[in-house]
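*Asks:* Here it is, the structure in full.
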Amino acid sequence: MRVMAQVAMVMNLDKCIGCHTCSVTCKQTWTNRAGVEYAWFNNVETKPGVGYPRRYEDQERWKGGWMLDQRGRLVLRSGGRVKRLLSLFSNPDLPSIEDYYEPVTYDYDNLVGAPAGTDIPVARPRSVLTGKPTAITWGANWEDGLGGAPEHAGGDPNLTGEWARKVRFEFEQTFLFHLPRLCEHCLNPACVSACPSGAMYKRVEDGVVLVDQDRCRGWRMCVTACPYKKVYVNHATGKAEKCTFCFPRIEAGQPTVCSETCVGRLRYLGLLLYDADRVGAAAATSDEKDLLDAQRGVFLDPRDPEVRAAARESGIPEDWLDAARRSPVHDLVSRYRVALPLHPEYRTLPMVWYVPPLSPVLDAVDAAGGDQDDPDHVFAAVTRLRIPLEYLAELFTAGDTDAVAGVLMKLTALRSYMRERTLGETGDDAVLKAVGLTTREAEDLHRLLAVAKYADRYVVPAAHKEDAAALTALEGRCPVGTSGEAEPRRVMLGIPTLRRDTTAGGHP
C-alpha cells in the first residue's frame with residue numbers, strides 16, 4: 001500500500017442555481033488578461049446542452065482520455081508516441097475558437113463620447129481577437145435557462161439510445177440542471193501523459209495538476225488528450241494554461257476562489273487518501289460500468305489504523321491525517337456514497353465529484369397515483385423523475401442506471417425522513433433502513449448536504465513548507481507514469497514539486 005493524499009472537490013447539483021458567480025470570480029482571478037479571453041477555468045453549463053467547448057464529450061471526435069487496446073492495456077485515445085510525433089506541428093483534433101466562442105467587447109466609448117443628438121447611441125459588439133465588429137452567435141453557456149436549448153441541446157452527446165426519445169425540449173415537458181465544471185485534477189491524467197515536453201505534471205504533495213510555463217512548448221497535445229477540454233492555449237504566449245485549483249490558497253489552508261464565492265454553498269473541499277499502487281488497475285478495469293466501484297476502491301479509510309500507519313510511513317503529516325478524517329469529500333464519496341464522478345468511462349479517475357440532482361419526487365408519486373407515505377411508491381417514482389435516470393447515468397456512471405438510482409433513492413429517503421421530522425413527526429426509520437442509513441447517519445448527511453457550516457464544507461490543511469526539502473528525495477511517489485525517474489521541479493511558493501516523465505501510454 002502506497003498511501004498518497006489529494007485535495008478533491010464535491011459539488012451538490014441540487015443547490016446550483018446557475019448564477020455563474022464561481023465562473024466570474026475565477027475569471028477575474030486567473031484569466032482576466034490578454035490571450036485567454038475565451039478561457040474559463042471554471043464554467044457552468046446548462047444540461048442538456050452541447051457544453052463548452054461545443055460537444056467536448058464526443059471523444060470519437062476529440063480523442064480525449066484513455067481507452068483499452070486489444071490486449072486490455074491503457075492507451076491514450078489520441079494515439080501513441082509515433083502518431084503524436086507525426087502530428088506535432090499539425091494536430092487535427094483541436095477545438096477551434098468557434099467551438100469555444102469568440103470573445104467580444106463593446107464600443108463603450110461611443111456611449112460616453114457620442115455628441116448630443118436625437119439618436120440614442122449604442123455600444124456595438126467587437127471581437128476581442130480581431131477588433132472588428134461582430135455578431136454574438138455563441139457563448140460558453142448558450143443553453144442557459146433553456147434559451148438556446150430547443151435549437152442546440154439536441155446535439156448533447158449524452159442523448160443517445162432509445163431512451164433519449166422521451167427527452168422533449170418543450171416548455172411543459174422540459175428539464176434542466178446546472179453543471180459547474182473545472183479541471184478534474186485526475187489521478188490518471190491523460191494530459192500529463194500526452195505532453196511531449198513534460199510541462200504538465202501532477203504534484204506529489206496534494207495531487208494538483210499544473211503546467212510548467214518554462215517547459216511548455218505549445219504542442220497542444222494536452223488539449224486533445226484532456227477529455228474534459230479544460231486545458232487552454234494562451235494565444236498571446238503560445239503556452240498551455242489550466243485550472244490551478246487555486247494552489248496558493250490551498251497551500252495556505254484556504255478554499256479555492258470558486259468555492260469561497262459560491263452563492264449556493266454547493267462545493268465541498270477536503271482530502272482523500274488513496275493507494276497509488278491501485279490506480280493503474282482501477283483505470284484499466286475492463287467493464288466501464290465497474291469503473292465507479294474501481295475508483296472508490298482506490299480510496300482509503302482515514303479512520304483505519306493500518307491506513308494511518310502506512311500514511312505516516314509515506315510522510316503524510318499528522319494534521320493532514322486529521323483533515324482526511326474530517327473530510328466532507330471522503331464522507332460524500334466513500335462513506336455515504338452519494339457523490340459520483342463525471343464521465344468515469346474516460347478512465348482518468350477524476351477527483352471532482354457530483355451529488356446528482358434530485359427531481360421533485362412527490363410530484364412524480366402524485367402523477368402516478370401513488371401514496372406519498374408509502375416508501376415503495378416513493379422509491380418507484382425515482383425511475384419516473386423528470387430528469388431521466390438514463391441521462392444522469394450517461395454523465396456520472398458510464399450508463400449504469402442502477403448506480404444512479406441507488407444514489408437518488410438514498411437522497412429521496414433522506415428527504416422524506418427529514419421532512420417528517422421537520423413537520424414534528426417521528427420519522428419512518430424503515431425508509432432509512434431500506435437504503436442502508438441509520439438515524440444518526442441520516443442526520444449527519446442532512447447536516448452536511450443542507451446546512452453545513454463553512455468549517456465543515458472546507459477542510460483544507462495548510463502545506464508544510466518546513467518539509468519541502470524532503471519532497472525532492474521522495475522518488476517514485478507520483479502516481480502518474482512508470483517510465484523515467486523523478487526529478488526535482490522548480491519551487492512554487494516554497495514547495496518543490498515532482499513529476500515523472502510520462503510518455504504515451506504511461507499510467508500508474
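*Asks:* Mind telling me which of the residues A294, A309 ends up being aliphatic (A, V, I, L, M), without any contact (Cβ under 8 Å) to a residue 12 or more places away in the chain and open to solvent by 10 Å² or more (accessible area, probe 1.4 Å)? Show your work before the answer.
*Replies:* Details: A294 fails: without any contact (Cβ under 8 Å) to a residue 12 or more places away in the chain.
The match here is A309.
*Asks:* Here is a further query. What number of residues in segment 191-241 are among the polar types (S, T, N, Q) and open to solvent by 10 Å² or more (accessible area, probe 1.4 Å)? Don't jump to the end; show me each part of the working.
*Replies:* Step one: filter segment 191-241 for residues among the polar types (S, T, N, Q), giving 193, 197, 213, 224, 234, 237.
From what's left, open to solvent by 10 Å² or more (accessible area, probe 1.4 Å): 197, 213, 237.
The qualifying residues number 3.
*Asks:* State the number of residues belonging to segment 177-217 that are in contact (Cβ under 8 Å) with a residue 40 or more places away in the chain and in a loop (DSSP other than H, G, I, E, B).
*Replies:* So in segment 177-217, the residues in contact (Cβ under 8 Å) with a residue 40 or more places away in the chain come out as 177-196, 198-208, 210, 212, 214.
From what is left, the residues that are in a loop (DSSP other than H, G, I, E, B) are 182-189, 195-196, 198-199, 203-208, 212, 214.
So the count comes out to 20.
*Asks:* If you don't mind, there's one more thing I want to ask. Is there any pair with a first residue in segment 313-334 that is in contact (Cβ under 8 Å) with a residue 24 or more places away in the chain and within 21 Å of A442 (Cβ to Cβ) and a second that is open to solvent by 10 Å² or more (accessible area, probe 1.4 Å) and among the aromatic types (F, W, Y) whose Cβ atoms are under 9 Å apart and which are 6 or more apart or on different chains, and what are they?
*Replies:* P328/Y458; H330/F299; V333/F299; S334/F299
*Asks:* Moving on. If the Cβ limit is 6 Å and pairs must be 6+ apart or interchain, which residue in segment 383-399 that is open to solvent by 20 Å² or more (accessible area, probe 1.4 Å) pairs with which residue that is part of a loop (DSSP other than H, G, I, E, B) and not basic (K, R)?
*Replies:* Here the result reads R386/F175; R386/S359; E394/N158, each pair linking segment 383-399 to a residue that is part of a loop (DSSP other than H, G, I, E, B) and not basic (K, R).
*Asks:* Can you tell me which of (1) assigned to a strand (DSSP E or B); (2) open to solvent by 10 Å² or more (accessible area, probe 1.4 Å); (3) closer than 20 Å to T21 by Cβ is the one T244 doesn't meet?
*Replies:* (1)
*Asks:* If you take the residues in segment 427-442 that are touching a residue at least 24 places away in the same chain (Cβ under 8 Å) and not small (G, A, S), which one is farthest from V333 (Cα to Cα)? Explain how you work it out, then say what you get.
*Replies:* If we filter segment 427-442 for residues that are touching a residue at least 24 places away in the same chain (Cβ under 8 Å), which is where we start, we get 428, 430-431, 434-437, 441-442.
Checking the rest, the ones that are also not small (G, A, S) come to 428, 431, 435, 437, 441.
Values: D428: 25, V431: 21, V435: 16, L437: 15, E441: 14 Å.
Top of the filtered list is D428.
*Asks:* A follow-up question, please. Does segment 312-335 hold any residues that are over 19 Å from the mean Cα position of the chain (by Cα) and closer than 30 Å to G399 by Cβ, and which are they? Reasoning before the result, please.
*Replies:* So in segment 312-335, the residues over 19 Å from the mean Cα position of the chain (by Cα) come out as 312-326, 335.
Within segment 312-335, just R335 meets the criteria.
*Asks:* Scanning for something of a type in the set (V, I, T), without any contact (Cβ under 8 Å) to a residue 24 or more places away in the chain and touching a strand residue (DSSP E or B) at 6+ places or on another chain (Cβ under 8 Å), does segment 87-109 turn up at least one residue? First the steps, then the outcome.
*Replies:* Of segment 87-109, the ones of a type in the set (V, I, T) are 97, 104-105.
Now drop any that are not without any contact (Cβ under 8 Å) to a residue 24 or more places away in the chain, which leaves 105.
From what is left, the residues that are touching a strand residue (DSSP E or B) at 6+ places or on another chain (Cβ under 8 Å) are 105.
Within segment 87-109, one or more residues are of a type in the set (V, I, T), without any contact (Cβ under 8 Å) to a residue 24 or more places away in the chain and touching a strand residue (DSSP E or B) at 6+ places or on another chain (Cβ under 8 Å).
The values are calculated or read from the model by the stated rules, or taken from the named source; none is laboratory data. On a predicted model such as this, the values are computed, not experimentally measured, just so you know. Positions of Cβ are generated from backbone atoms using ideal geometry, with glycine treated the same way; all protein chains shown enter the neighbour counts. Protein only, heavy atoms only, side chains kept; ligands, DNA and RNA dropped before computing areas. Shrake-Rupley method; radii C 1.70, N 1.55, O 1.52, S 1.80 Å.
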